[in-house]
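Presented below is the structure to which this report refers.
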Amino acid sequence: MTLSYLNLLAGLLLLVIPGYLLYAYDRLTLKKAVIALVRMGTQMAVLGACLWLLYKFDSVWLNLLWLAILVVAAAFLMVSRIDIRRVFVPACAAMFTSVLAVSAYMLFVVLRPDAPLSARWAVPVTGVLMAHVLTTNIHAVRTYFDCLRQDSQAYYTLLGNGATRLQALAPYITRAIKSLTVPAMASLSVMGLFLMPMLLSGLLIGGLEPIAAVTLFVLFIIGALAASMLSLVLTLWFSDRQVFNRHGQLKPDI
Amino acid sequence: MMLELKDASLTIEGRELFKKLSFMALDGQLTCITGPAGSGKTAMVQVMLGFLPLDDGLVSIDGELLTPRSAPVFRRLMAYIPQHRDIVLEPAADNTSGLETVWAPYATKHYHPTPIDSSLNTAPMSTKSIIIADDPEPSIINPLRSMANNGHTVIVTTQCEEIINLSDKIITLGNHDTVIS
């Protein structure tokens, strides 16, 4: 399917509805909306150009480089949200490892297309997983460190009574995992009933039969959940030495 | 078991808490560490638990050095009652102290030791050789005294006269001089 300029213009014409209503009732938001739209347009243009290059060259190394760029950007965003710089490298390593591992499993074991490493398959699969990992892990990692900072007494009490480091951190890990799964489960339970997920719509527009599209969508959701959990656990594991000193104490700048 | 500090010095944020301090907490004794607020009582507990390194000197248990590597092993022999028992990680379902609400989900799954519960049941501590209580409520001093009488090494930090009077050994921190009596 190709999109002509006329089609594009017709699509953009839909902006008249929100544009007019914002102009009439909330001009302050209109300005913000215009800025957000321009920003989104620029980002999408850059993304489109990157994807065009990835599809044109269709190289495994280029796909890996693309994933690395996504990971670094995601880790940067995560660190800025949780305000702990020490987590940057562990988060990069964890997200890269988990997304790569789950993507490889999905491509080589579950989906098994003719050319699993081609840009056509590798880029969307890693992209979907990466997006889910980022959105869920920011919240979960922040929950973990917030709990540790605000309520480290439980950790020291457990440790002081003979618990191992992992046992003493178990309540905090539980909190982090809960904060990742509970919202995901809540959105999954209403999915399909009240809203048609964007990814499913994309699969249908891409030409898949409804049954195949729904199956693929469910597999993607399962893969995304697995990658998110793996990434969270690896981030916490890899960041352990950055966050605690050799005596098991939280470092003062955490 | 004997817990010993030898020539121990500690300075935190430029403030000298103690210098060249040596004492032994023996089994069968209740050792009391006292001093005004901010004199380093809780820091001393952290040192004995292996959470805080000394600037100088050493901590040993039955002659074995307490190091970052050996501390987890020694902590299995210890029961620690923290100063602040209002742990809020998991909200308490009833009016308990909160400590056991943290323990409850993990006690059976991961490990067992519970230092003390709100009903002052010291039975879970009986398997531990060294009991360290950081500023405990006066109401639990009698069970702790009994544990010392039964051969445990009991160390408490406190400012409470009632607890100090029941102690076998008193270490007074603060005012740059450490008094051992």
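Miscellaneous remarks
- Rounded, prolate or oblate (a/c below 1.5 giving rounded, otherwise prolate when a/b exceeds b/c) for region A:97-155 by Cα gyration tensor: prolate
- Number of partner chain Cβ atoms within 10 Å, mean per residue of A:161-174: 5
- Seen from A:Phe76, the other residues with C-beta closer than 14 Å to its C-beta sum to a net charge of +2, counting Lys and Arg as +1 and Asp and Glu as -1.
- Cα-derived Rg over Rh, computed across the protein assembly as shown with Rh taken as Kirkwood radius: 1.13
- Rounded FRET efficiency, nearest 0.05, which uses the C-beta distance separating A:Gln150 from B:Glu16 and R0 of 30 Å: 0.50
- q = 0.20 Å⁻¹: log10 I(q)/I(0) that the Debye formula gives for region A:25-100, counting C-alpha atoms only: -0.93
- Principal-axis tilt of helix A:88-105 within chain A, Cα atoms, nearest 10 degrees: 60
- Dipole magnitude of the protein assembly as shown, debye to nearest 20 (Cβ charges: Lys/Arg +1, Asp/Glu -1, about Cα centre): 1520
- Three-way shape call for region A:1-57 based on the alpha-carbon gyration tensor, with the a/c threshold at 1.5: oblate
- Taking amide hydrogens as placed 1.01 Å from N in the peptide plane, the amide H of B:Leu30 sits under 5 Å from those of B:Asp168, B:Lys169, each at least 5 positions away in sequence or on another chain.
- Chain A - percent relative contact order, Cα under 8 Å, separation 6 or more: 25
- Sequentially through region A:179-190, phi angles give Karplus couplings (6.51, -1.76, 1.60; θ = phi - 60°) of 5, 7, 7, 4, x, 5, 5, 4, 6, 5, 5, 9 Hz, Gly and Pro residues having no value and appearing as x.
- Over chain A, dividing the summed -39,500 (n - 2.57) contributions of all DSSP H runs of at least 4 residues by the number of residues returns a 222 nm mean residue ellipticity of -26000 deg cm²/dmol.
- Trypsin sites (Lys or Arg not before Pro) within region B:43-82, DSSP loop, no more than 14 other Cβ atoms inside 10 Å: B:Arg69
- With Cα atoms defining each centre, region B:1-76 and region A:75-146 are spaced 44 Å apart in the structure.
- Residues with amide H under 5 Å from that of B:Phe18, placed H, sequence gap 5 or more: B:Leu10
- Shape analysis of region A:1-154 yields a ratio of the Cα radius of gyration to the Kirkwood radius, Rg/Rh, of 1.08.
- Cα-based helix-to-principal-axis angle, A:210-238 vs chain A, degrees rounded to 10: 30
- Net charge of Cβ neighbours under 15 Å - reference A:Val133; Lys, Arg +1; Asp, Glu -1: +2
- Kirkwood estimate for region A:59-243, i.e. one over the average of 1/r between Cα atoms, Å: 17.6
Since every read-out is calculated from the coordinates, none of them should be taken as a lab result. Here the structure is a predicted model, which means the values were calculated and not measured. Note: ideal-geometry Cβ built from the backbone for every residue, glycine included; neighbour counts use all protein chains shown.
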